[in-house]
Amino acid sequence: MSSARISVMAVAAICGITTVLNASDWTQFRGPQGNGQVPELSHPDSWSDTENVAWAVELAGSGWSSPIVVRDRVFVTMAISEAGTKPLGMTEGVRNMQSMGLGGKKPTETLQFAVACLNLNDGSLVWQKSLEQKIPPHAIHPSNSFATESPATDGERLFVYFGAIGLVAGLDLEGNELWRRDVGTFKTGNDFGTGSSLMVDEGLVFLQYDNDEKSMLLALDATTGEDVWKKDREYKTAWSSPLVWRNSQRKELIVCGEGNVTSYNARTGEEFWKLTGIPSSFSASPASDDDRVFFGNSGPFSSGPLVAVAVGNSGTTALQPEKQTPGVGWSKLKAGPGMASPVLAAGCLYVPGSGSILNCYDAATGERVYRDRLENAATIASSLWASSEKVFILDETGKCFVIKAGPTFEVLATNQISDLFWSTPSIAGDSLLLRGISKLYCIRAAAK
């Protein structure tokens, strides 16, 4: 793509695009800013199978993708199986720790890859569209799904991505297809499958596809689906989603890959900085504030680092854990998150650990503020979300811990929905959307 076209698009993005989004819209994985932060939280603090459930609807298919919301419409992607095949939780899908590194059997069933639009008010189906019917070419882990990547929207268009079949498409909000791309299908690490969600910013759709054969990072024109820029990446599989980091100096596209984290100019693909020397790959996605971006990783057999990179970084450096590394504000050995992405609230960074542990760090210094146990918590695969006052942590059994934000550990509430949850929740005004194994739940206080 020529620099001239990039410049024209940049001007158009700044001057000519009129937003049609509401403040309460949840436009992509982990929300409008991609970091799980909710400026004004108005959904209930307490719920159960019988309390504050506005509606619960059975979806035609399964998937761990998060729903997104535009005004009064909820969009959710799924893989529909005639045989009723669904992903498993940690206990069933991972019989022992070694099996975390073993994928499932190669699929033989034709699946429908579809997107549904629901009414936020009552959960009724507005429309459903099948985009493809195909047998996925590669195996995935029994705990993963064939629709793990969350869709995204710019308020006018809906963007969906099914990594299992290499399909990325743009639709209007009525389900009419505008464009589609085949980005290819490739083997993933340990046959776990794909999982990186789309991110949208100022007319561009960002797609990270790190795999074991042909890794790439794409910036697509939201209107046409054509490449605006593309980066071939030398790294193998990662499952993290990119983050558009608007910091106090500039805007950066943060991409966590195998053994490294890279910052790009979102408009041009130019590399701002790269941090190497990070053990293993990433499942969790980054978090950020105005002055730092936070990331870390851990695998089934080892814990990786937790790192804060300061604003204004440049060049390529190798991480020296718990030593001074240029551009790195602080780092902690064996402190990185596993599957669930961390969240910032009240100047603290919240990171779930193994064995029901919640770690809280001072975001500015990296000092651990507390390390406490979430009573009887199961595996935490869903990413955290928070307001300035409360942090929410959902485990796979449907138990949700509401934690007081700040330096003192205090459980304000413990809620329970009886289902299996690996999907990251979505928030739309006074509504909280929880996606289970086959149902979508809307948590909302009853009208008084």
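Look through S280, S241, S285 and report the one residue that is among the hydroxyl-bearing types (S, T, Y), modelled with pLDDT under 95 and within 18 Å of G195 (Cβ to Cβ).
Working: S241 fails: modelled with pLDDT under 95; S285 fails: modelled with pLDDT under 95.
Of S280, S241, S285, the one residue that is among the hydroxyl-bearing types (S, T, Y), modelled with pLDDT under 95 and within 18 Å of G195 (Cβ to Cβ) is S280.
Which one of these is out of contact with any Cys (no Cβ under 9 Å at 6 or more places or on another chain) and at pLDDT 95 or above: G304, G299, G257?
On the way: G304 fails: at pLDDT 95 or above; G299 fails: at pLDDT 95 or above.
After ruling out the rest, the residue left standing is G257.
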Exercise for the section: Filter region 371-399 down to residues that are free of Cβ contacts under 8 Å to residues at least 24 places away in the same chain and assigned to a strand (DSSP E or B) and give me whichever is surrounded by the most Cβ atoms within 10 Å (Cβ to Cβ). Expected result: K399
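Tell me which residues, restricted to region 299-331, are of a type outside the set (F, W, Y) and over 27 Å from N265 (Cα atoms). Break it down into steps so the answer makes sense when it comes.
Step one: filter region 299-331 for residues of a type outside the set (F, W, Y), giving 299-300, 302-329, 331.
Residues satisfying the conditions are G299, P300, S302, S303, E322, K323.
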Problem - Test: residue in region 211-227 that is within 20 Å of I140 (Cβ to Cβ), touching a residue at least 40 places away in the same chain (Cβ under 8 Å) and either in contact with a strand residue (DSSP E or B) (Cβ under 9 Å, 6 or more places away or on another chain) or surrounded by 15 or more Cβ atoms within 10 Å (Cβ to Cβ) (or both) - result: yes
Exercise for the section: For region 135-149, state whether one or more residues are buried (at least 23 other Cβ atoms within 10 Å of the Cβ), in contact with a Lys or Arg (Cβ under 9 Å, 6 or more places away or on another chain) and closer than 29 Å to A428 by Cα. Expected result: yes
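Going by the conditions given, is T414 assigned to a loop (DSSP other than H, G, I, E, B) and in contact (Cβ under 8 Å) with a residue 12 or more places away in the chain?
Details: assigned to a loop (DSSP other than H, G, I, E, B): no; in contact (Cβ under 8 Å) with a residue 12 or more places away in the chain: yes.
In short, no.
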Fill in the blank from the handout: For region 62-79, pairs from a residue that is on the phi > 0 side of the Ramachandran plot to a residue that is buried (at least 24 other Cβ atoms within 10 Å of the Cβ) and in a strand (DSSP E or B), with Cβ under 7 Å and 6 or more apart or across chains, are G63/T77; G63/M78; G63/A79
Exercise for the section: Could you tell me whether any residue of region 181-194 is more than 24 Å from G104 (Cα to Cα) and hydrophobic (A, V, I, L, M, F, W, C)? Expected result: no
Problem - Residues being farther than 15 Å from V309 by Cβ, of a type outside the set (F, W, Y) and either buried (at least 22 other Cβ atoms within 10 Å of the Cβ) or under 21 Å from the mean Cα position of the chain (by Cα) (or both) - total across region 232-241 - result: 5
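For region 267-282, which positions are surrounded by fewer than 24 Cβ atoms within 10 Å (Cβ to Cβ) and either under 17 Å from S241 (Cα atoms) or without any contact (Cβ under 8 Å) to a residue 12 or more places away in the chain (or both)?
Of all residues in region 267-282, those surrounded by fewer than 24 Cβ atoms within 10 Å (Cβ to Cβ) come to 267-274, 276-277, 279-281.
G269, E270, E271, K274, S280, S281 - these are the residues of region 267-282 that are surrounded by fewer than 24 Cβ atoms within 10 Å (Cβ to Cβ) and either under 17 Å from S241 (Cα atoms) or without any contact (Cβ under 8 Å) to a residue 12 or more places away in the chain (or both).
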Handout entry: Selected residue (only one of V328, V307 is aliphatic (A, V, I, L, M) and within 20 Å of the chain's Cα centre (by Cα))
Key = V307
Completion exercise
Among residues of region 1-46 being β-branched (V, I, T) and surrounded by fewer than 20 Cβ atoms within 10 Å (Cβ to Cβ), the residue modelled with the highest pLDDT is V20
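Search region 198-210 for residues being part of a loop (DSSP other than H, G, I, E, B) and in contact with a strand residue (DSSP E or B) (Cβ under 8 Å, 6 or more places away or on another chain), and hand back the single one that is modelled with the lowest pLDDT. Spell out how you get there, then give the answer.
If we filter region 198-210 for residues that are part of a loop (DSSP other than H, G, I, E, B), which is where we start, we get 198, 202-203, 210.
With the extra rule that they be in contact with a strand residue (DSSP E or B) (Cβ under 8 Å, 6 or more places away or on another chain), the set shrinks to 198, 203, 210.
Working: L198: 98, G203: 98, D210: 95.
Among those that are part of a loop (DSSP other than H, G, I, E, B) and in contact with a strand residue (DSSP E or B) (Cβ under 8 Å, 6 or more places away or on another chain), it is D210.
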Exercise for the section: Give the residues of region 43-59 that are assigned to a loop (DSSP other than H, G, I, E, B) and of a type outside the set (D, E, K, R), sorted by residue number. Expected result: H43, P44, S46, W47, S48, T50, N52, L59
Exercise for the section: Within region 164-185, track down each residue that is surrounded by 20 or more Cβ atoms within 10 Å (Cβ to Cβ) and assigned to a loop (DSSP other than H, G, I, E, B). Expected result: A164, I165, T185
Handout entry: Close pairs from region 151-163: first buried (at least 24 other Cβ atoms within 10 Å of the Cβ), partner of a type in the set (S, T, Y), Cβ under 6 Å, at least 6 apart
Key = P151/T77; T153/T27; V160/T77; G163/T194
Problem - Selected residue (only one of S150, S143 is in contact with a helix residue (DSSP H, G or I) (Cβ under 6 Å, 6 or more places away or on another chain) and within 21 Å of L59 (Cα to Cα)) - result: S143
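Residues checked against (1) assigned to a strand (DSSP E or B); (2) closer than 21 Å to G299 by Cβ:
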| residue | (1), (2) |
| --- | --- |
| G225 | no, no |
| Y235 | no, yes |
| S241 | no, yes |
| C256 | yes, yes |
Practice task
Return the total of residues in region 313-324 being at pLDDT 95 or above and more than 25 Å from the chain's Cα centre (by Cα).
Solution key: 5
Problem - Failed item in (1) of a type in the set (S, T, N, Q); (2) closer than 27 Å to M90 by Cα; (3) surrounded by fewer than 15 Cβ atoms within 10 Å (Cβ to Cβ), with T408 passing the rest - result: (2)
Exercise for the section: Provide a single number: the residues in region 420-444 that are polar (S, T, N, Q), surrounded by 24 or more Cβ atoms within 10 Å (Cβ to Cβ) and part of a loop (DSSP other than H, G, I, E, B). Expected result: 2
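Select from region 287-304 the residues that are surrounded by fewer than 22 Cβ atoms within 10 Å (Cβ to Cβ) and either in a loop (DSSP other than H, G, I, E, B) or touching a Pro at 6+ places or on another chain (Cβ under 8 Å) (or both) and list them in ascending order. Walk me through it before giving the result.
As a first pass, look at region 287-304 and keep what is surrounded by fewer than 22 Cβ atoms within 10 Å (Cβ to Cβ): 289-291, 299-303.
Correct list: D289, D290, D291, G299, P300, F301, S302.
The values are calculated or read from the model by the stated rules, or taken from the named source; none is laboratory data. Given the structure is predicted, the values throughout are model-derived calculations rather than measurements. Cβ coordinates were reconstructed from backbone atoms using ideal geometry, including for glycine residues, and neighbour counts include every protein chain displayed.
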